[in-house]
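Report on the following structure.
The values are calculated or read from the model by the stated rules, or taken from the named source; none is laboratory data. As the structure is a prediction and not an experimental result, all values here were calculated from the model. Cβ placement follows ideal geometry from the backbone for every residue including glycine, while neighbour counts extend to all protein chains displayed.
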Amino acid sequence: MTTENEIRERYRLLTKKLIEKKLTITTMESATGGQIASLITDTEGSSSVLKGAFVTYCNEAKIMQGVPAETIEHYSVYSKETAAAMAEACAKTYTADIGIGVTGTMGNIDPANPESSVPGKLYFAIYFKGETKSFCTELSPAPSRLMYKLTAADRILDELLKII
């Protein structure tokens with residue numbers, strides 16, 4: 001398991017790379033609760049790349065920020081399709097080069113969506129300059145909510161680095 005400091009360092013390098021490439025980024029985060037945006041802003045100069053971010057912890061918040069209600073109703077809030085809609089919606093709102101959407105269930109069943117939540121299942125999508133790639137991954141049990149969020153952020157970073 002990657003340590004918190006290693007993940008923070010990887011995000012520092014990502015932010016520097018985004019600055020160098022003059023790429024902008026935004027996030028719509030549910031499961032990670034803003035952790036990805038926070039990791040990006042830990043690096044000086046991040047204001048030139050992070051255009052803004054949404055923490056959309058409930059379904060209504062996702063819909064308010066541009067995720068079609070039909071997507072959530074048809075595929076569930078925990079799906080690649082919802083993650084893709086989240087990534088696309090935030091990128092559109094902020095006119096960013098990169099949009100990240102992330103949803104899923106960490107260590108317990110979501111009482112608001114019990115029929116579709118599977119503990120440890122994470123869905124995320126990365127929008128990059130007109131193309132969206134969606135992913136599903138399983139997270140191993142973690143000792144804390146913070147480590148769940150950091151582990152999710154690390155998995156997302158692995159895929160983001162392949163794309164940019």
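Values computed for the structure shown
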{"read-out": "Pairs where the first residue, in the range 33-45, is farther than 18 Å from GLU159 by Cα and touching a residue at least 60 places away in the same chain (Cβ under 8 Å) and the second is surrounded by fewer than 23 Cβ atoms within 10 Å (Cβ to Cβ) and hydroxyl-bearing (Ser, Thr, Tyr), C-beta under 8 Å, 6+ apart", "value": "GLY33/TYR57"}
{"read-out": "Condition met for GLY107 (in a strand (DSSP E or B), in contact (Cβ under 8 Å) with a residue 40 or more places away in the chain and either closer than 23 Å to GLU9 by Cα or not aliphatic (A, V, I, L, M) (or both))", "value": "no"}
{"read-out": "Filter result (part of a loop (DSSP other than H, G, I, E, B) and closer than 15 Å to MET147 by Cβ) within the range 1-25", "value": "MET1, THR2, THR3"}
{"read-out": "Verdict on LYS62 being within 19 Å of SER79 (Cα to Cα), at pLDDT 95 or above and either assigned to a helix (DSSP H, G or I) or out of contact with any strand residue (DSSP E or B) (no Cβ under 6 Å at 6 or more places or on another chain) (or both)", "value": "yes"}
{"read-out": "Evaluation of VAL118 against (1) of a type outside the set (D, E, K, R); (2) surrounded by fewer than 24 Cβ atoms within 10 Å (Cβ to Cβ); (3) without any contact (Cβ under 8 Å) to a residue 40 or more places away in the chain (one fails), failing number", "value": "(3)"}
{"read-out": "Some residue of the range 142-158 being under 15 Å from the mean Cα position of the chain (by Cα), surrounded by fewer than 18 Cβ atoms within 10 Å (Cβ to Cβ), assigned to a strand (DSSP E or B) and not charged (D, E, K, R)", "value": "no"}
